[in-house]
1. Per residue of segment A:55-66, what does 6.51 cos²θ - 1.76 cosθ + 1.60 with θ = phi - 60° give for ³J(HN,Hα)? Whole Hz please, x for Gly and Pro, Karplus curve as stated.
2. Farthest toward the dipole's positive end in segment A:11-254, which of A:SER114, A:ASN47, A:THR28, given Cβ charges of +1 (Lys, Arg) and -1 (Asp, Glu) about the Cα centre?
3. What ranking do A:ASP185, A:ASP249, A:ASP206 get, fewest neighbouring Cβ atoms within 10 angstrom at the top?
4. Would you mind getting me the FRET efficiency between B:ALA90 and B:ALA60? Use the beta-carbon distance for r and R0 = 45 Å, nearest 0.05.
5. Obtain the radius of gyration and the Kirkwood radius of the protein assembly as shown from its C-alpha atoms and give Rg over Rh.
6. Divide by every residue of chain B the summed helix terms, -39500 (n - 2.57) for each DSSP H run of at least 4, and state the resulting mean residue ellipticity at 222 nm, rounded to the nearest 500 deg cm²/dmol.
7. Using only DSSP helix segments of four residues or longer, with each worth -39500 (n - 2.57), what per-residue ellipticity at 222 nm results for chain A after dividing by its residue count and rounding to 500?
8. Got a sec? How would B:THR173, B:THR101 order by Cβ neighbour count within 10 Å, fewest to most?
Amino acid sequence: MGRITGELHDVAGDAGHRDHPPRMGFFTDTSVCIGCKACEVACKEWNMVPEDGLTFTGMSYDNTQGLGADTWRHVAFIEQRRPIGEQDPGLEYDGVDVLGLAGERADLRWLMASDVCKHCTHAACLDVCPTGSLFRTEFGTVVVQEDICNGCGYCVPACPYGVIDQREEDGRVWKCTLCYDRISDGQEPACAKACPTDSIQYGPLDELRERAAERVEQLHDAGVADARLYGHDPDDGVGGDGAFFLLLDEPETYGLPPDPFVTTRDLPSMWRHGAVAALTLVGGIAAAFAVGDRIGGRR
Amino acid sequence: MSEAQVTRAGERNQRPGREASPGEQGGRRRGGTRERSMVPRAEFGSYYGRPIIKEPTWSARDIAGYLFLGGLAGASSVMAAGAQLTGRPALARAGKVGGLTAIGLSTGLLIHDLGRPERFYNMLRVFKPTSPMSMGSWILAMYGPAAGLAAVTDVTGWFPRTGRAATGWAALTGPAVASYTAVLISDTAVPAWHGAYRELPFLFAGSATAAAGGLGLLAAPTGQTGPARAAAVLGAATELTVNAKMRRALGRTAEVYRSGRPARLSRVAQVLTVGGAVTAALAGRRHRAVAAASGLALLAGSACTRFAVFEAGRASAADPVYTVAAQRGAGGGRPGSDVP
Ligand code: SF4
Ligand code: SF4
């Protein structure tokens, strides 16, 4: 166990790996996502993730609803009455007002974003796991060892992104492995491989961060003022994500926490409070005996 | 990825692929983004109102029950040691037997709640300071056997020396059993728990003290329960004060205590705890039956307190607004920059 908070350059090294490959990750550029869900399907196929419910939600084209034990990639769909950058939807026709209402209904944008486990630099799930089932791989990713997990469920509410979850009939927890098997073999993860627009990009994290910085600048130049990176900052509450994003709106619009942090950061303070409380308990009961002698009760 | 067509005349319809600008196929509107509302939104956005973090998968009976019984066990062991030192054998026995029963039951609940109960021993294969559950397993491992020895030697009368040592050891480790559970639940992203990490250990300590007092009142003759009555009053007062403080610290997240199950449970908890403590203080000395009833009320009140905290955590996880508000600095719960 190394550092529990703050910037950390060599995550795998900090976890005890020597001569390890560079930290690998995802850059998910939601601005080019077309919502085809190829990533969801590829992930399920490759990782043999069971069916996650066939429900109709009414949430735009999203019937998967969110990440979970049986959903390791989740495509969010958000319909907004807002223009995209400086876009004009091109629904005005000379002379004739073909789509009578089109004028006022023109401003529509449809955001799509493929969510995934963030493979945090300081991963709360890993920190709190009492069995050592969750571990840091040589690629700097966070993976569950299913033969160790005893289904205590601690990692589930610990994750600040609501990623990892328990499979009920199985008892253990499951989440994205960043295709540990594939990347160990030099292949890219199934979702990135399947993504037809390169919205999901896989590679060494340093490279991805550079590319992302360029991309967001390019979008700003193109007038897409809302474009922003999410999870790219090694200085944020989780020390930066191994899987980070380019978003076109506030994180919470996509169901992401705006300023997540690893609660282990506060653990020293928590233990101090716990210890003082324990002493208070002893002191309180000692006082009760002191008082108890006076108010009677000795045989 | 690129849907360009390759024809005999060369490449056609080349698209920009990952360099595409959203909306560039449409025309350009001059003057920039029109819709940038300057009016601050009163509410935060969310993804169809879905929770951001996952609700704990723990069952209320198992884990809230564990929080209660762990507290009862830990505080009872301290009571038992005090009673032994001050010559109150019945009160001591109540604490020892109560401690063993409570820790036995609570360990059972804990194991029952695992998705793979047969693998519970995996917790004892690592020692991991960043995991309060790992540390808790070791605290339990240090406390449990001592609590057992203390109770068995007391009841059988065998090995009195060992019994005294075990009683002392259980009293030393018991308080950790009672308060570490607060650290356990605070070290999660659950707004009502993590946001109250400074108060929860004291709330639990107060609640455990009241419960141990209640157990003494229930099981020991009135002649020996002076300290139990005092503990009940002290514990209840602590619980009330810390509870109020916790709600202030939680800011907006404290809303979860004002409706639904958490509200009902914490109201019942308060009535039982205050009622039990007051009754014990006023009449617990003279009437055995009244003392026993107040003891029961205190025990039930302590249990309700833990269930209220548990349910409040669930409710705060289920509504994304609490996660966002706390992180946007509008919900109490100590946002972003609070590094100890
Ligand atoms: S996003 Fe959650 S599950 Fe993924 S590494 Fe971070 S804490 Fe763990
Ligand atoms: S459920 Fe499994 S992976 Fe999660 S904390 Fe418990 S043992 Fe670790």
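Throughout, read-outs are computed from the coordinates displayed, never taken from laboratory work. In this text the structure is predicted, and so the values were computed from the model without any measurement. Here the Cβ is made from the backbone with ideal geometry for all residues, glycine too, and neighbour counts use every protein chain on show.
1. 10, 9, 9, x, 8, 6, 8, 9, 10, 8, 6, x
2. Checked the options; the winner is A:ASN47.
3. Working: A:ASP185 8, A:ASP249 18, A:ASP206 12.
With the fewest neighbours first, A:ASP185, A:ASP249, A:ASP206 line up as A:ASP185, A:ASP206, A:ASP249.
4. Values: r = 34 Å, r/R0 = 0.75.
My answer for the efficiency is 0.85.
5. Working: Rg = 28.6 Å, Rh = 26.6 Å.
For the protein assembly as shown, the value is 1.08.
6. Details: 10 runs with 215 residues, N = 340.
Rounded to the nearest 500, the figure is -22000 deg cm²/dmol.
7. Details: 9 runs with 82 residues, N = 299.
Calculated from helices alone, the mean residue ellipticity at 222 nm is -8000 deg cm²/dmol.
8. Numbers: B:THR173 20, B:THR101 17.
Ordered by Cβ neighbours within 10 Å, fewest first: B:THR101, B:THR173.
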